[in-house]
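Notes follow the structure.
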Amino acid sequence: MNGTPRPVLVVGSGPTGLLLAGDLATAGIPVTLVEKRPHRISNLSRAFVLHARTLEQLDARALADELEAAGRPLDRIGLFGRLTMDLDTLPSRFNHLLVIPQYEVEHVLERRAVKAGVEFRYETEVTGLTQDADGVTVEVRGPGSEAETLRAAYAVGTDGMRSTVREAIGLPFPGRSVIRSVVLADVRLAEQPGTLLTVNAVGDAFAFLAPFGDGYHRMIGWHRGRNVPDSEPLGLDEIKEIARLALGRDYGMHDARWMSRFHSDERQVPAYRVGRVFLAGDAAHVHTPAGGQGMNTGLQDAANLSWKLAAVLRGHAAPALLDTYHAERHPVGRTVLRSSGGIVRLAMAKRPWTLALRAALTTVLDHVGPARRRVAGQVTGIGYRYPAPRGAHRLTGTRVPDVALADGRLYEALRGGRFVLITPRPYEGAGGRGDRLAVARWASGRGTTVLVRPDGYVAWAADTADERAIEAAVAAHVG
Ligand SMILES: Cc1cc2nc3c(=O)[nH]c(=O)nc-3n(C[C@H](O)[C@H](O)[C@H](O)COP(=O)(O)OP(=O)(O)OC[C@H]3O[C@@H](n4cnc5c(N)ncnc54)[C@H](O)[C@@H]3O)c2cc1C
């Protein structure tokens, strides 16, 4: 066994692992991040969209402004021909989606993690893992192929869809392949599409086209007649043909910098926690790229788990808090699987009844505000709420938007990784908890008292609360 045991070992430095490790280190928890690749971050981006809820989480870490400056906001998505979805009415400071390559997001998260003191171990592959009552023992193979054993109190597998950690803890990854032979290309266009983000499905083909903001567009397409292995060579002609079929034209695509074939699975682990080991991001769930939710869901997993692990390791919360990670995030993962799979199935519709269903849904989404808001809430992540205990206030478990406070705004107050207690009247009872609780007052005359968790969801609320009730709630949640 080498070195001093670490409180947390994170396996995999994709976006999920980088956010999680950065959060823990920022909270003062020593953390090691093990990554099998050499110092990575490829400039070929898989994901390229940040949704509103992820931007809110990044705002709570003072990272959103930098990413907003580097990306390109879109406030409207074109769906299935005439149907568009406007995002500018989203009840969020970020009432748009941000087109930004995954590598830009990873750069920002990595810089933060380095600054916070995360110990990075590149070219170090996890090969096995066992756990006992006190901790986790992780076998790794280092840069010179030397075997080593690391010990930590907790381990988190953020090691992607082929997760070694998941296998080591014996969890299945049930599900199936939804679509095969999807093609991807990052290309330049001779003509610019009318809508900024174009999705369409016609007959046997569908395609999706979105601007990166650096002169390239990402095209993702599929054609029913081209069911070939991922290894089959792919040329620009095939990409253009699918574009013409699905979008009616190929926009003069040229100069592809990346072309790839992939298949899309829909899978989820049955448990996000086994003892002292957690799974997050693609290690826990994979689904189709429709809706651009993969990276976003992984980042939300990390934001949910990090403050809980920090609270337990700092002795401010009982280990049972860690069970709420599965209880809260597994249902969200399941919904994302269903909704992104639903979009793809509708896009691939061929039978008369599925085509009729697509037409009907298009009409509903076009005309019925609540249905459109529900879909927008799911895709952007702002529509989720977490389960609340029986008898809890109606706000418990809901996401809190960036409300105005007497001296600032909520997502600035959350930047210390602390709970924020928002009260109608001055409250002096936080004594001794300044490292984990900020106290603020509403800018407006609201009478509700709300205790907001570090990840921006309501831990506790009361319409009228005396100091004793507030103190009891703070003691129960903040420790
Ligand atoms: C074509 C395509 C388009 C996509 N578009 C979008 C989109 O628009 N929006 C979106 O949100 N998502 C999108 N996604 C999904 C998104 O890319 C993933 O959801 C995201 O990368 C998952 O992040 P992660 O950190 O969980 O895992 P990953 O990014 O897969 O990172 C896992 C890391 O773990 C490392 N690792 C693996 N095994 C080990 C081991 N044994 N030891 C040490 N290290 C290990 C890997 O090297 C890797 O660096 C897309 C995916 C694809 C394929």
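Scan region 125-174 for trypsin sites (Lys or Arg not before Pro) in coil per DSSP, keeping those whose Cβ has at most 16 other Cβ atoms within 10 Å, and list them by number.
Those satisfying the criteria are 162.
Excluding residues fewer than 8 places away in the same chain, name every one of the lysines whose C-alpha is closer than 27 Å to that of residue 308.
Residue 308 reaches 36, 115.
Starting at the first residue of region 84-100, write each ³J(HN,Hα) from the Karplus equation 6.51 cos²θ - 1.76 cosθ + 1.60 with θ = phi - 60°, in whole Hz, x for Gly and Pro.
Coupling constants for region 84-100: 10, 10, 7, 9, 6, 9, 4, x, 8, 4, 9, 8, 6, 10, 10, 7, 7 Hz.
5 Å is the cut-off here: which amide hydrogens, built 1.01 Å from N in the peptide plane, fall below it relative to residue 253, excluding neighbours closer than 5 in sequence?
190
Could you work out [θ]222 nm for the chain from helices alone, using -39500 (n - 2.57) per DSSP H run of at least four and dividing by all its residues? Round to the nearest 500 deg cm²/dmol.
That calculation yields -9500 deg cm²/dmol at 222 nm.
Residues in region 233-254 near a label at residue 202, defined as backbone nitrogen under 16 Å from the 7 Å Cα→Cβ point?
239-253
What are the residues whose amide H is under 5 Å from the amide H of residue 258, where those residues sit 5 or more places off or on another chain and H is modelled from the backbone?
Those qualifying (amide H under 5 Å, at least 5 residues apart or on another chain) are 186.
If each residue of separation counts as 0.36 nm, what is the full-extension length gain between residue 141 and residue 162 once their alpha-carbon separation is subtracted?
5.8 nm
Estimate the FRET efficiency between residue 192 and residue 130 by the formula 1/(1 + (r/R0)^6), using the beta-carbon distance for r and 45 Å for R0, to the nearest 0.05.
In this case the efficiency is close to 0.25.
Note the angle between two axes, namely the Cα long axis of helix 236-247 and the longest principal axis of the Cα atoms of the chain, as a number of degrees from 0 to 90, rounded to the nearest 10.
Tilt of helix 236-247: around 80 degrees.
For residue 356 and residue 255, what is the calculated FRET efficiency with R₀ set at 51 Å and r taken between the beta-carbons, to the nearest 0.05?
After rounding to 0.05, the efficiency reads 0.80.
I want to check the label-to-label distance for residue 363 and residue 177. Put each point 7 Å from Cα in the C-beta direction and report it in nm to one decimal.
Computed distance between label sites residue 363 and residue 177 equals 3.7 nm.
Take each of the peptides 313-322, 328-337, average the number of other beta-carbon atoms within 10 Å over its residues, and list them starting from the highest.
Answer by packing, highest mean first, reads 328-337, 313-322.
Among 396-402, 293-299, how do they line up from the highest to the lowest mean number of other beta-carbon atoms within 10 Å?
293-299, 396-402
Could you list the square roots of 5 times each eigenvalue of the Cα gyration tensor of the chain, that is, the equivalent ellipsoid semi-axes, sorted largest first and rounded to whole Å?
That gives 38, 29, 19 Å for the three semi-axes.
Could you calculate the contour length gain from residue 123 to residue 66, that is, 0.36 nm times the residue separation minus the distance between their Cα atoms, to one decimal place in nm?
17.6 nm
Label-point separation (nm) for residue 227 and residue 148, each offset 7 Å from Cα along Cα-to-Cβ?
In this crude label model, residue 227 to residue 148 measures out at 4.7 nm.
Protein chains only, probe 1.4 Å: how do 326, 217 rank by accessible area, largest first?
My answer, sorted largest first, is 326, 217.
Determine, for each peptide in 266-273, 91-98, the mean count of other beta carbons within 10 angstrom over its residues, then list the peptides with the highest first.
Top of the packing list down: 91-98, 266-273.
Tell me, what ³J(HN,Hα) does each residue in region 115-126 have, in order and in whole Hz, if you take phi through Karplus 6.51 cos²θ - 1.76 cosθ + 1.60 with θ = phi - 60° and put x for Gly and Pro?
4, 6, x, 4, 8, 8, 10, 7, 6, 10, 9, 6
The values are calculated or read from the model by the stated rules, or taken from the named source; none is laboratory data. This is a predicted model, so every value here is computed, not measured. As a convention, Cβ positions derive from the backbone with ideal geometry for all residues, glycine included, and neighbour counts pool all protein chains shown. For accessibility, only protein heavy atoms count, side chains too; no ligands or nucleic acids. Shrake-Rupley method; radii C 1.70, N 1.55, O 1.52, S 1.80 Å.
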